[in-house]
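The values are calculated or read from the model by the stated rules, or taken from the named source; none is laboratory data. Remember, it's a predicted structure, so these values are computed and weren't measured experimentally. Virtual Cβ from ideal backbone geometry, glycine too; neighbours counted across all protein chains shown. Accessible surface areas use protein heavy atoms only, side chains included; no ligands, DNA or RNA. Shrake-Rupley method; radii C 1.70, N 1.55, O 1.52, S 1.80 Å.
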Amino acid sequence: MNTINKLMAGTAALALSTGSLAAAEKWDMPMAYSASNFHSENGVAFADCVGTGTNGEITIEVHPGGALFAGADIKRAIQTGQVQIGERLLSGHQNESALFGFDSVPFLAPSFEDSEKLYAAAKPKIEALLDEQNLALLYAVPWPPQGLYFKKEVNSVADMEGIKFRSYNNTTSRLAELTGMLPVTVEAAEISQAFATGVAESMVSSGATGYDRKVWESLTHFYEVDAWLPRNYVMVNQDVWADVSDANKAAITACAAEAEARGLQASQDYTQFTMDGLAEGGMTVQPAGDALMGELREIGETMTAEWLEAAGDEGAALVDAFKSAQ
Ligand code: PCA
């Protein structure tokens, strides 16, 4: 090789290496729940899979605990490209579309099995809604069934009168109103403090969230109600997604499918594990009594009718598709 050829070969090698450097991208992935929560652990495993699957061309840094954006702001941050990817409880955005609340209709799909069927019926519509908002859905994972937390024994709706109730979406605020409680919206990351300071005294949530936030430090009772199983969604900005190579899209989609299956399994495994953890922490953990369940079911009927009215024909079609799959 003469000098000129050597120089040219060197330049080509340099161009190649800077080319592959330029192709390497880092995505930030805000998540609202604590690092120890199973959704967050699943998100980290997904991020690792993407790093490996794309040969390091796309790496994802997970920011759990609402550290980068609080839960309520994550969806907008992805839509507007402030971050490339993130996770959000979509039922927190029922103000944008009532359909986002399909997974929080009381007693519509109260088991993991039903929840999967309901999600299958809803998924095309949810994907279309997200697409209109510049978002592509990668995977979704349900929380364990929702039960009621209190700092006293509660046997009826009358026992709930005037209690300060932590809500996380429209449905949970409405539940508070219909049971005579006072709703206050608090992100999961802030609930330990809210309970410790008396800003809230009660909530509806999973055993998993109570366990993660060590709520036995302030609360005493968890009643299994199996009211609904809301979902977290991992979404990517459509403009970012459009720029991903086909090979990397395939790798990320495969990681997302794995994460969805792993997350569902973790949610199922965590259901009993975290309820046992609440009991070990000193809480009384038991199914809600028949009288209370009867009253809650009546309230659930009111809330179902309200949701169907808000969600219109598309909501009714979604419920019909779910019922015919049962
Ligand atoms: N935990 C989340 C949503 C549902 C759940 O189980 C929360 O309480 O914010």
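Probe radius 1.4 Å, ligands and nucleic acids left out: which of Leu292, Leu137 has the largest accessible area, and how do the rest follow?
Correct descending sequence by accessible area is Leu137, Leu292.
Segment 129-170 and segment 194-271 have their alpha-carbon centroids 12 Å apart. Springs join every pair of Cα atoms under 10 Å in this Gaussian network model of the chain, and among Phe69, Phe273, Phe46 the largest mean-square fluctuation is at Phe273.
Its residues counted as N, the chain yields a C-alpha radius of gyration over 2.2 N^0.38 Å of 1.13.
So, with a 1.4 angstrom probe, what is the percent of accessible area on segment 163-232 that is carbon and sulfur?
Working: 1110 of 2300 Å².
The nonpolar share, carbon plus sulfur, comes to 48 percent.
With a 1.4 Å probe rolled over the protein heavy atoms of all chains, the accessible area of Thr284, Thr209, Thr52 falls in the order Thr52, Thr284, Thr209, largest first.
Counted by Cβ distance under 12 Å from Val244, the other residues give a net charge of -4, where Lys and Arg count +1 and Asp and Glu count -1.
Taking only the alpha-carbon positions of segment 132-194 and ignoring solvent, what does the Debye formula give for the base-10 log of I(q)/I(0) at q = 0.17, 0.24 Å⁻¹? The Cα Debye sum returns log10 ratios of -0.71, -1.12.
Which entries in the list Lys26/Lys123; Lys123/Lys323; Lys117/Lys323; Lys75/Lys125 go over 20 Å, if you measure between the two C-alpha atoms of each? With Cα atoms farther than 20 Å apart: Lys26/Lys123. Take segment 220-271 with all the other protein chains still there, run a 1.4 Å probe, and you get 38 Å² of accessible area per residue.
What relative contact order, as a whole-number percentage, does the chain give when Cα pairs under 8 Å and 6 or more residues apart are counted? Could the numbers behind the result be given before it?
Numbers: 580 pairs, mean separation 78.7, N = 326.
It comes to 24 percent, rounded to a whole number.
Could you please tell me the mean projected area of the C-alpha convex hull for segment 51-154, averaged over all directions and given in square nanometres to one decimal? With the hull built on Cα positions only, its mean projection is 9.2 nm². Kirkwood analysis of the Cα pair distances in segment 123-271 returns a hydrodynamic radius of 17.2 Å.
Determine the sum of side-chain charges near Phe322: Lys and Arg each +1, Asp and Glu each -1, restricted to other residues whose C-beta is under 9 angstrom from that of Phe322.
On the way: positive: Lys117, Lys323; negative: Asp114, Asp320.
Surrounding charge for Phe322 is 0.
Could you order Arg174, Arg76, Arg231 so the one with the most accessible surface comes first? Probe is 1.4 Å. Working shown, then result.
Numbers: Arg174 75, Arg76 140, Arg231 5 Å².
Accessible-area ranking of Arg174, Arg76, Arg231, largest first: Arg76, Arg174, Arg231.
Counted as membrane-span-like here are DSSP H helices of the chain whose alpha-carbon atoms extend 20 Å or more along the helix's own axis and whose Kyte-Doolittle mean is 0.5 or above; these are 3-23. Subtracting the Cα-Cα distance of Ala257 and Ala291 from their residue separation scaled by 0.36 nm leaves 8.1 nm.
The magnitude of the dipole of the chain, with charges of +1 and -1 set on the Cβ of Lys/Arg and Asp/Glu and taken from the Cα centre, is near 780 debye. Stokes-Einstein diffusion of segment 172-248 at 25 °C, 0.890 mPa s viscosity, Kirkwood radius from Cα pairs, rounded to a whole number: 161 µm²/s.
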